[in-house]
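First the structure, in the form of structure tokens, and then the observations on it.
The values are calculated or read from the model by the stated rules, or taken from the named source; none is laboratory data. Small disclaimer: the values here were computed from a predicted structure and weren't measured. We place every Cβ from the backbone using ideal geometry, glycine too, and count neighbours over all the protein chains shown.
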Amino acid sequence: MDINPGIFKAYDIRGIYPTELNEAGAYAIGRAFVTYLNVSEVIVGHDMRLSGPAIFDAVTRGIIDQGANVIEIGLVSTDQFYYACAQLGLPGMMVTASHNPKEYNGFKMVRKMPYLLSGSEGIADLRTIVQTDAYATPGRKGSRRHIDLSEGFVNHMLGLIDIDLIASAGPMTVVADTGNGTVGPILERVYRKLPVNFVGLYLDPDGSLPNHGLDPLQPENRAELERRVISEKAAAGFAFDGDGDRFFAIDDRGQFVAGDYFTAIMARYLLKRSPGAKIVYDVRASWAVPQLVAAAGGTALEERVGHAFIKRRMADEGALFGGEVTGHYYFKEFFFADSGLLPSLLTVEMLAREGTTLSQLLKPIESKYFISGEINSKVTDSAAVIAALKARFADAKIETRDGLSIIYPDWHFNVRTSNTEPLVRLNLEAMDVAVMAQRRDEVLAVIRG
């Protein structure tokens, strides 16, 4: 089949509907998934995108025609999908394009929880099968049935926190903005069972996205939430991406909490419950993460960027918790998978137990670690940029686990190239705010020529 090879990404399949990914492509990918894994049953869920029903119908037809049964779980967040795959012990396909704009759709694919297909382990194989029509000969036609695991998911999540502790701490207000993504209904169900004042924004799933975009890393998509935290005098604000597997916190000042800062304070908190545990973090992160983990008696493990890599490392190491700067948080108690809902619940529990504010927990980090945030630059030759950086900073410690990491005693940075665009992504940190600004500009000058 003639299919756009660019939709087969490092961590998932994703493209614009219907020009890059359409029903014919989804049908073929469903057949390829069954062929590649040689499975007899597949769980399939979908997010709220307008193209979701069409892509969902096409991929399930492909799975059934290839001889496997489909277990439909309907409109669900991606962490609900992971829960279903874990509970039933089955592979699955989640129809979603995560935080991408509304015209996109795609698939996240579970081999067996917590292991997902990635570019080097499965996704490239699916592309080859589709492009060469190399499907296995089906011995039968599959069937389909629908199941609802939402009540079990709600109970599982609530079982991971101390509700009595939260109640004993007194009234707490939290504001949550799901941006008309998928997570709103299940989030509301969970928080109705908690002794907190829950204020919801845009909880109704709506693929037309009438209010704002799905990526809370973009300031315009969280601006209203930041204002509402202040006006509601809330303890925190919570934002979620389109499929609900990423989480972002707004503190009581109405300020966005960087993902690596959040990883650091959540790791420190969880290590109080599980002393000596392992914590996984990605190569872009602030030094706050490994240093706070070490100070709390844990073991910090650096890993490549991407949920497929983090999940695998978490499971292989038996790690307690993992975090990425982009808002993915992973938990041993949630099948080593990422969830948007669970870190929100643990934040409420943490604030209740610590008896302080989120801004107070952050202040020691903010006064010591100064980060640039991710800065993207368009380039014509990313390989030449990487070579120029290596030459310019040749006296540093240089690592190439994922992209290029340049490390000095009092500052460091990581540069990674985009898999899909002519971009390089810079994350830089220093122990002094003036040094951070100086070094950031110095590195950008090399990158941008």
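A few points about this structure:
- When each of T182, T178 is tested for being in contact with a Pro (Cβ under 6 Å, 6 or more places away or on another chain), crowded, with 24+ Cβ neighbours inside 10 Å and either over 23 Å from T357 (Cα atoms) or of a type in the set (V, I, T) (or both), the lone residue that passes is T182.
- Boolean, L423 is more than 30 Å from V190 (Cα to Cα), in contact with a His (Cβ under 8 Å, 6 or more places away or on another chain) and among the hydrophobic types (A, V, I, L, M, F, W, C): no
- Looking only at residues in region 36-91 that are in a strand (DSSP E or B) and within 22 Å of the chain's Cα centre (by Cα), the one that is farthest from D241 (Cα to Cα) is I43.
- Reported count of residues in region 186-232, each being within 30 Å of A169 (Cα to Cα), free of Cβ contacts under 8 Å to residues at least 40 places away in the same chain and not charged (D, E, K, R), is 12.
- Qualifying residue in region 107-122 (condition: modelled with pLDDT of 95 or more, among the charged types (D, E, K, R), under 19 Å from the mean Cα position of the chain (by Cα) and part of a loop (DSSP other than H, G, I, E, B)): no
- Sole exception among (1) small (G, A, S); (2) in contact with a Gly (Cβ under 7 Å, 6 or more places away or on another chain); (3) farther than 26 Å from I310 by Cα for G30, by number: (3)
- Residue match in region 350-370 (condition: in a strand (DSSP E or B), without any contact (Cβ under 8 Å) to a residue 60 or more places away in the chain and not aliphatic (A, V, I, L, M)): no
- Among the residues here, I71 does not qualify as within 19 Å of S208 (Cβ to Cβ) and touching an Asp or Glu at 6+ places or on another chain (Cβ under 8 Å).
- Residues of region 52-70 that are surrounded by fewer than 21 Cβ atoms within 10 Å (Cβ to Cβ) and touching a His at 6+ places or on another chain (Cβ under 8 Å): P53 alone.
- Tally, over region 409-441, of residues that are exposed (fewer than 14 other Cβ atoms within 10 Å of the Cβ), modelled with pLDDT of 95 or more and more than 19 Å from Y261 (Cα to Cα): 4
- The condition of being surrounded by fewer than 22 Cβ atoms within 10 Å (Cβ to Cβ) and either more than 23 Å from E429 (Cβ to Cβ) or of a type in the set (D, E, K, R) (or both) holds for only one of R246, R228, that being R228.
- Strands (runs of 3 or more DSSP E) contained entirely in region 377-449, each with at least 2 residues that are not charged (D, E, K, R): 404-407, 411-417, 423-430
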